[in-house]
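Q: First the structure, which I've put down as structure tokens, then a few questions once you've had a look.
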Amino acid sequence: MNPLFLLKVSRPGLWFATVWLYLLPTSQQSEIWYSPIFWLGLIYVCFPLNLLVYGWNDSVDYDTDQLNIRKDSFWFGAKGTQKQLQNLWKPILVTQLLFYPLLIWFGGWQMIPLLFGMLLVNYLYNLPEKGLRGKPPLELLCQVGYLLIAPLSIYLNQVDHLPFATYLYLFLFAVQSHIMGEVMDIEPDRKSNRKTTATVLGTAKTKMIIMLLVLIEVILLLFYFNDKFFAGFLGLGLVWLLIDLLIIFKTKKYTLGQMKLFAFGSNALAVISMVYVWISGCLLG
């Protein structure tokens, strides 16, 4: 299968989410950059893991994706043919089998339930007819699967565990990222009769939920982590969301160019936040 197609399936434009979660537990550990094991894990959460997550989803969402103007790009994923998608399980399986033994060898037996948990969440989310991806708001709860990346990094890199509040922040971050995608996909999801939180609530209410999530994140940063800079950084994002809903876009659908611009901006902001969080260690509790 074409390597460029597989790379597109893994959605490099969205790698920042898994990279962010992997890097966080290693904050302020400068020696980690010299560890081959660290790079093994980073490579896994970039390509094989995202190939599993998004490739599995693409395999069961063919009809919806054909209506989605976001698809067929390295930002938002491939728009595969039925034949390509029918055979996609093969490279997904091969990449997992290549990495699983190494992750378990270097990370210990604790890796087994973590990797199984990732598979289980993806299985429940992507069941063809009864998958949680079509049962709002359960599709949002499935984002808890992303949180397993943090302990994967902890065991693999032998760093300290994270406090509960950090996992709460990460869960809010994962749900926020997912629901933003639902807003962008609301039109093709409705046309294909797919139910999501966004299609049920509508654009305006869904954007308000996103703002509520960001507000809770700001409160956590201010009053638990005591980090005014990062809280202010997110606060600016909250202001933009208010302007988006009340003045500029309101409930209008975004054009493809606008969505690509937002994706570029999201990645730029993610890199800035990753660097700050890693250097400051502000989310380590």
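The values are calculated or read from the model by the stated rules, or taken from the named source; none is laboratory data. Being a predicted model, the structure only gives us computed values, none of them experimental. Please note: Cβ atoms are built from the backbone with ideal geometry, for glycine as well, and neighbour counts cover all protein chains shown.
Q: Any residue that is outside any loop (DSSP other than H, G, I, E, B), hydroxyl-bearing (S, T, Y) and closer than 24 Å to A165 by Cα - is there at least one of those in the range 31-47? Give the derivation first.
A: Going through the range 31-47, the residues outside any loop (DSSP other than H, G, I, E, B) turn out to be 31-34, 36-46.
After this cut, where a residue has to be hydroxyl-bearing (S, T, Y) as well, the list is 34, 44.
Adding the requirement that they be closer than 24 Å to A165 by Cα leaves none.
No: the range 31-47 contains no residue that is outside any loop (DSSP other than H, G, I, E, B), hydroxyl-bearing (S, T, Y) and closer than 24 Å to A165 by Cα.
Q: For a quick check of your reading of the model, give me the residue pairs whose first member lies in the range 258-285 and is on the phi > 0 side of the Ramachandran plot and at pLDDT 85 or above, whose second is in a loop (DSSP other than H, G, I, E, B) and not aliphatic (A, V, I, L, M), with beta-carbon atoms closer than 6 Å and at least 6 apart or on different chains.
A: What qualifies is G281/S27; G281/Q28.
Q: Still on this structure, please answer the following. Sort out which residues of the range 170-191 are of a type in the set (D, E, K, R) and assigned to a helix (DSSP H, G or I), and write them in order of number.
A: E182, E187, D189, R190, K191
Listed here are the residues, each with its yes/no results for (1) in contact with a strand residue (DSSP E or B) (Cβ under 8 Å, 6 or more places away or on another chain); (2) more than 20 Å from T95 (Cα to Cα); (3) acidic (D, E); (4) crowded, with 17+ Cβ neighbours inside 10 Å.
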position: L7; (1), (2), (3), (4): no, no, no, no
position: V19; (1), (2), (3), (4): no, no, no, yes
position: S27; (1), (2), (3), (4): no, yes, no, yes
position: S30; (1), (2), (3), (4): no, yes, no, no
position: P36; (1), (2), (3), (4): no, no, no, no
position: W39; (1), (2), (3), (4): no, no, no, no
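Q: Could I ask something else about it? Go through the range 149-169 and count every residue that is surrounded by fewer than 19 Cβ atoms within 10 Å (Cβ to Cβ) and under 23 Å from S35 (Cβ atoms).
A: 4
Q: Please find, within the range 69-89, the residue that is surrounded by the fewest Cβ atoms within 10 Å (Cβ to Cβ) out of those that are under 27 Å from L120 (Cβ atoms) and polar (S, T, N, Q).
A: Only one residue tops the list, namely Q82.
Q: Among the numbered criteria (1) touching a Ser or Thr at 6+ places or on another chain (Cβ under 7 Å); (2) closer than 23 Å to L93 by Cβ; (3) surrounded by fewer than 21 Cβ atoms within 10 Å (Cβ to Cβ), which single criterion is violated by P137?
A: Tallying (1) touching a Ser or Thr at 6+ places or on another chain (Cβ under 7 Å); (2) closer than 23 Å to L93 by Cβ; (3) surrounded by fewer than 21 Cβ atoms within 10 Å (Cβ to Cβ), P137 fails exactly one: (2).
Q: Buried (at least 20 other Cβ atoms within 10 Å of the Cβ) and assigned to a helix (DSSP H, G or I), is that true of L221?
A: yes
Q: Does any residue of the range 253-260 turn out to be within 21 Å of D61 (Cα to Cα) and in contact with a Pro (Cβ under 7 Å, 6 or more places away or on another chain)?
A: Within the range 253-260, none of the residues are within 21 Å of D61 (Cα to Cα) and in contact with a Pro (Cβ under 7 Å, 6 or more places away or on another chain).
Q: Report, by residue number, each residue of the range 93-118 that is of a type in the set (A, V, I, L, M, F, W, C), under 30 Å from R194 (Cβ atoms), free of Cβ contacts under 8 Å to residues at least 40 places away in the same chain and surrounded by 14 or more Cβ atoms within 10 Å (Cβ to Cβ).
A: L115
Q: Take the residues of the range 177-191 that are surrounded by 18 or more Cβ atoms within 10 Å (Cβ to Cβ), more than 15 Å from the chain's Cα centre (by Cα) and among the acidic types (D, E): which is farthest from P128 (Cα to Cα)?
A: D185
Q: Quickly run through the range 59-88 and pick out the residues that are part of a helix (DSSP H, G or I) and either touching a Leu at 6+ places or on another chain (Cβ under 6 Å) or farther than 23 Å from V144 by Cα (or both).
A: Within the range 59-88, the first condition is being part of a helix (DSSP H, G or I), and the residues that meet it are 59-60, 62-66, 82-86.
Of everything in the range 59-88, those that are part of a helix (DSSP H, G or I) and either touching a Leu at 6+ places or on another chain (Cβ under 6 Å) or farther than 23 Å from V144 by Cα (or both) turn out to be S59, Y62, D63, T64, D65, Q66, Q82, K83, Q84, L85, Q86.
Q: How many residues are under 20 Å from the mean Cα position of the chain (by Cα), surrounded by fewer than 18 Cβ atoms within 10 Å (Cβ to Cβ) and outside any loop (DSSP other than H, G, I, E, B) if we restrict to the range 192-207?
A: Adding up the residues that qualify gives 0.
Q: What's the number of the condition Q66 fails, among (1) touching a Ser or Thr at 6+ places or on another chain (Cβ under 9 Å); (2) surrounded by fewer than 20 Cβ atoms within 10 Å (Cβ to Cβ); (3) more than 21 Å from R190 (Cα to Cα)?
A: (3)
Q: What is the number of the single condition among (1) modelled with pLDDT of 90 or more; (2) within 19 Å of I179 (Cβ to Cβ); (3) loosely packed, with under 13 Cβ neighbours inside 10 Å that K250 does not meet?
A: Only one criterion in (1) modelled with pLDDT of 90 or more; (2) within 19 Å of I179 (Cβ to Cβ); (3) loosely packed, with under 13 Cβ neighbours inside 10 Å is unmet by K250, namely (1).
Q: Among the numbered criteria (1) in a helix (DSSP H, G or I); (2) exposed (fewer than 13 other Cβ atoms within 10 Å of the Cβ), which single criterion is violated by L212?
A: Result: L212 passes all but (2).
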